[in-house]
1. Show the residues, 5+ positions off or on another chain, whose built amide H is closer than 5 Å to the amide H of residue A:9.
2. Run the numbers for residue A:58 and residue A:352: contour at 0.36 nm per residue of separation, minus the present Cα-Cα distance, in nm.
3. Averaged over its residues, how many other protein chain Cβ atoms are within 10 Å of peptide B:78-91's Cβ atoms?
4. Which lysines, if any, have their Cα less than 21 Å from the Cα of residue B:31, not counting same-chain residues under 8 positions apart?
5. I'd like the mean, over residues of A:155-166, of how many other protein chain beta carbons sit within 10 Å of each residue's own Cβ.
6. Quick one: A:73, B:5, fewest Cβ neighbours within 10 Å first, how do they rank?
7. Please list, ordered by chain and number, the residues whose modelled amide H lies under 5 Å from the amide H of residue B:214; skip anything fewer than 5 residues away on the same chain.
8. Compare the peptides A:101-107, A:160-166, A:314-320, A:19-25 by average per-residue count of other Cβ atoms within 10 angstrom and give them in order, highest first.
Amino acid sequence: MMGRYALVQRSEVSLKSIMLVPLVTFVLALLGSMVLFGFLGAPPLEVLYRLLIDPLASAYNISEVVIKAAPLILIAQGLAIGFRAKVWNIGAEGQLIIGAVAASVIPITFPESQNVLMLPAMMLAGMIAGAAWAGIAAALKTRFNASEIIVTLMLNQIAVQILYFLINGPLKDPMGFSYPQSVSFPPVAMYPLLSDDGMLRANASILVVILLSIAALIYVTRTFSGYTLLVGGLAPSAASYAGFSAKKAVWITLLIGGAAAGLAGVGEISGPIGRLQPSLSPGYGFAAIIVAYLGGLHPVGILLAGTFMAIVYVGADGAIIDVGLPPAAPVIFQGMVLVFYLASFALVQYRIVRVQPEARA
Amino acid sequence: MTDTIIFVLAGAFATATPLLLAAIGEAVAEKAGVMNLSVEGMMAFAAAVAFAVTYQTGNIVLGFGLAVGASVALSLVFSILVLGFSANQIVSGLAVGILGLGLSSLAGRSFENLTMMAPANLSLPVLSDLPLVGPILFRQSAITYFAFAVAFLTWWFLAKTRHGRITKVVGEDPAIAHNLGFAVIRIRLFAIIFGAVMSGLGGAYASTILTPGWSDGLIAGRGWIAVALVVFGTWRPLRIAFGAYLFGALLLGDLAVQAMGFSVPPQIMTSLPYVMTIIVLAAVSRNALLIRLNAPVSLGQNFQPSK
């Protein structure tokens, strides 16, 4: 099969063809899910409508999209910085949890407080804790050369157990009967809502996310000479990454990724959830990996990809209830997106050429 | 007390079985230069399929067969990305792994929280009646014996056979292997498929024999521990087997501690294997010479024959 055809790397990749990749990916993944879920008894056109149009069809749904887009974009911006340097932080889910746990200590300790500095303090605590959790992987990578992939993954599992332990013990609401959850947070611990309509839950965390995305954009454009070079597969190796030494690159990227994920954790407990509880995220830490790639590891692309992924999340939530879409649908869809992305990315990066069977000496 | 020891040690071999199978499979893929990080997803999908099929048909052989088929199907998607499109191995592994986890929830959704009877273990005649050693070693599932045989045969294959040596050359330097006339892509494909078969068997064993039942998330990081075990064993099958049995005992640690009457928060016991994985990984990786001597040089790097 590969004997007759081969991939040859293109010397130049046009920006237009790079922009095409997410679009092609998106169409293929939608077609794929329509076929798969149609096969399982959900009417394909209904699924398409539910996944893409319905989430934007009402103010309530748009507000829900904003709620889900915020953590996805925030985490993906942090991860992309690492992925560009080939530092594989797969532990955003754990960093999100640890960030939320650390930040929650403040409102749980002062549940009656009216100090407006509480939310900023929580944001800071979340970022520091998330960065510290990721820092474990950075320390083990730089000192012992331990694979950050495996370490960050193991740290995810441990973070979940730390959350379970604390929420059943020291951080549990003593009046909460047998429910493993904390007290409700005071208003000063919460992000302000974007609208006065009590039904709409979207809050100011999205503004923080947009600000940080702009910061990421400035960072990227100032530290890299050409973005096309980067996505053309010529990304610098970790060793020469933006002029840092390899060790420094590992530290910086993991700390930034951890801080972003930790802040996203604060966004959940100080946003739609309003307390600490055993389930904090429907897998944002993993979905953000896909968002980062679908966005071409570029801040602007990530904003778009995160919004798109949030739309699908909200659409799938509705379709699971109303048209019997299987609950696994969002995860399968995410997997398909990444698979199709990698395939279409290869097709712009390489040309398929026919090679003559070579005579071997 | 003796009963507890027998219970934990016998259980360790059973618990180690899926880890060992998946880790040996991954080791062979990595020896050929391919890092396949979809082990967790392959095991999960296989586990769901094996349970669903065995529960429906009562035919565990069919269950294992289709589970292996499911795992191999995922690995073919991975192969197309990595071998066909030269896509990044790490990201491709993650992508296929996520797909596998999603498909496992899908395949298992009508079977959530169902359980069934495990098939009887194989008591080897005479040997199983030996005191102490008998119940620990010789009253295990056939798959547990099979897993050890696979580890041994893989060692033999890699160390002693011509095909094993070719596989290693492909992992060390695919360009040289290509120039010597070996079909690099085909050999890597076989190695990936072998890995998928082993992951599939491991997943199927977990949901039909070890803890015969299905609930979402049943594999619970075993695939990742298997990936870590490959480094722990520095790509050597017999050391990987040793590591797998060590972790098998560790995974049973909470039962043992409870049986001995200690009260430790369950979350700490659940975390222990993951903490140990990190510590062991750091300890082994620290030895640069050991890693350099055994790690396949081209691990993670794709190869295009035409270049």
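Every read-out reported here was derived from the displayed coordinates using simple, explicitly stated rules and does not represent laboratory data. All values derive from a computational prediction rather than experimental measurement. Please note: Cβ atoms are built from the backbone with ideal geometry, for glycine as well, and neighbour counts cover all protein chains shown.
1. Amide H neighbours of residue A:9: A:351.
2. Values: separation 294, 0.36 × 294 = 105.84 nm, distance 4.50 nm.
This chain segment gains 101.3 nm when fully extended.
3. On the way: counts 1, 0, 4, 8, 2, 2, 7, 10, 8, 8, 7, 0, 5, 11.
So the per-residue partner count for this stretch is 5.
4. Qualifying lysines at Cα under 21 Å: B:160, B:168.
5. Values: counts 3, 3, 10, 9, 2, 4, 10, 3, 1, 5, 6, 1.
Taking all residues of A:155-166 together, the mean is 5.
6. Numbers: A:73 31, B:5 13.
Starting with the residue having the fewest Cβ neighbours, the order is B:5, A:73.
7. B:113, B:114
8. Final packing ranking: A:101-107, A:314-320, A:160-166, A:19-25.
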